[in-house]
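Here's the structure, in structure tokens; my notes come after.
Bear in mind these aren't lab numbers, they're just calculated from the coordinates by the rules spelled out. Worth saying up front: this structure is predicted, and the values here are computed from it rather than measured. FYI the Cβ positions are ideal-geometry reconstructions off the backbone, even for glycines, and counts take in every protein chain you see.
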Amino acid sequence: MAKRDYLVFTDLTKPQVDDLFALALRMKSGQYRERPLTGKTLAMVFAKSSTRTRVSFEVGAHQLGGNALFLSSRDIQIGRGEPIRDTARVLSRYVDGIMIRTFAHADVEELARFATVPVINGLTDLHHPCQVLADVLTVQEQFGGYAGKRVAWIGDGNNMANSWLDAAALLGFELRLACPEGYEPDHDIYERARVRTTALITEEPEEAAEGADVIATDVWASMGQEAEAEERKLAFKGYVVDRELMSRAKPTAIFLHCLPAHRGEEVADEVIEGPQSRVFAEAENRLHVQKALLATLMG
């Protein structure tokens, strides 16, 4: 049987997403007691630091009976210039799966091309597919499904925006993105989504938020963009998710943020701490959906 990787959201089919969600919810409720990773090891390669990605994958592998190895770029020879293809071939002889969190998406693609075990994208500058799996699962939990929902993305057209576009294209819900000029999502990803579902880009946060079921955002400057922080603060000045912006969404709307959040910048404290916020349920769902992914790909 050929190995399966998960590098972008659209590596899955819609039925596979629905099966993953069903399995994740069984795991979350305690109905699932199997340990399909017994005797197996997940290598976790981190070029970018993380709280949620590391802890959720490490705990998830343990709960499924397996072991997880934390490997920073300082711990392995990638940090000293070893070709990714060599690391892929060596790790494949030791472990049963690889999760990588890094900068260039091409590095993840090369790792997957040369690895003989499943590779999972824990984050790149272009995509964050595990996070968006957890986000859509949170939407399904809240509303009983994602079909017919309208999602508003406010802020940077970053890896999260790109993965939301992939999810909308695959699953068919509506997505509106409010981004300042020059900070739009990847053009090719947007064009692919636009022909498959209702997706639009606007410079007006109010237009995106109008009638939305979900309002989501992220920090204005991601890891590796610290030098641009002041410039980005000016560009994103009007892109704060505050009580006024939330009021344009449906009364039943929820707020999502992949965390960490910069309160007072992209989101007001009254929103992230308010009754519509689901950010901590969303963070918890990283554990459950990634356990389902590990069981499916490695089990």
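Take the Cβ-Cβ distance between residue 273 and residue 106 as r, set R0 to 41 Å, and report the resulting FRET efficiency rounded to the nearest 0.05. Spell out each step's value before the answer.
Details: r = 39 Å, r/R0 = 0.95.
So, using R0 = 41 Å, E works out to roughly 0.60.
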Exercise. For residue 72 and residue 229, FRET efficiency with R0 = 25 Å and r from the beta-carbon atoms, rounded to 0.05?
Worked result: 0.55
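Of all the stretches in the chain, which is the longest one without any exposed loop site, taking trypsin sites (Lys or Arg not before Pro) in a DSSP loop (any state but H, G, I, E, B) with at most 11 other Cβ atoms within 10 Å? Present the calculation step by step, with values, prior to reporting the outcome.
Details: sites that count: 33, 74, 93, 237.
Between the exposed loop sites, the longest stretch runs 94-236.
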For this session: Quick one: work out Rg over Rh on the C-alpha atoms of the chain, Rh as Kirkwood radius.
Result: 0.96
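Could you state, as a whole-number percent, how many of the C-alpha pairs of region 131-282 are farther apart than 29 Å? Don't jump to the answer; show the numbers that get you there.
Working: 882 of 11476 pairs.
Summing the P(r) of region 131-282 above 29 Å gives 8 percent of all pairs.
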Problem set entry | Candidate lysines for bridging to residue 149, where Cα separation is under 23 Å - those fewer than 8 sequence places away on the same chain excluded | 14, 250
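Grab the Cα-Cα distance for residue 143 and residue 26, subtract it from 0.36 nm times how many residues apart they are, and report the gain in nm with one decimal. Spell out each step's value before the answer.
Working: separation 117, 0.36 × 117 = 42.12 nm, distance 1.75 nm.
This chain segment gains 40.4 nm when fully extended.
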Problem set entry | Centroid-to-centroid separation of region 32-66 and region 189-247 [C-alpha atoms, Å] | 31
Seminar exercise, completed: Length gained, residue 80-residue 263, 0.36 nm per residue minus C-alpha separation, equals 62.2 nm
Exercise. Computed FRET efficiency, Cβ-Cβ of residue 38 and residue 94, R0 22 Å: what is it to the nearest 0.05?
Worked result: 0.80
Seminar exercise, completed: Extension length gain for residue 19 and residue 244 (0.36 nm per residue less Cα distance), in nm, is 77.3 nm
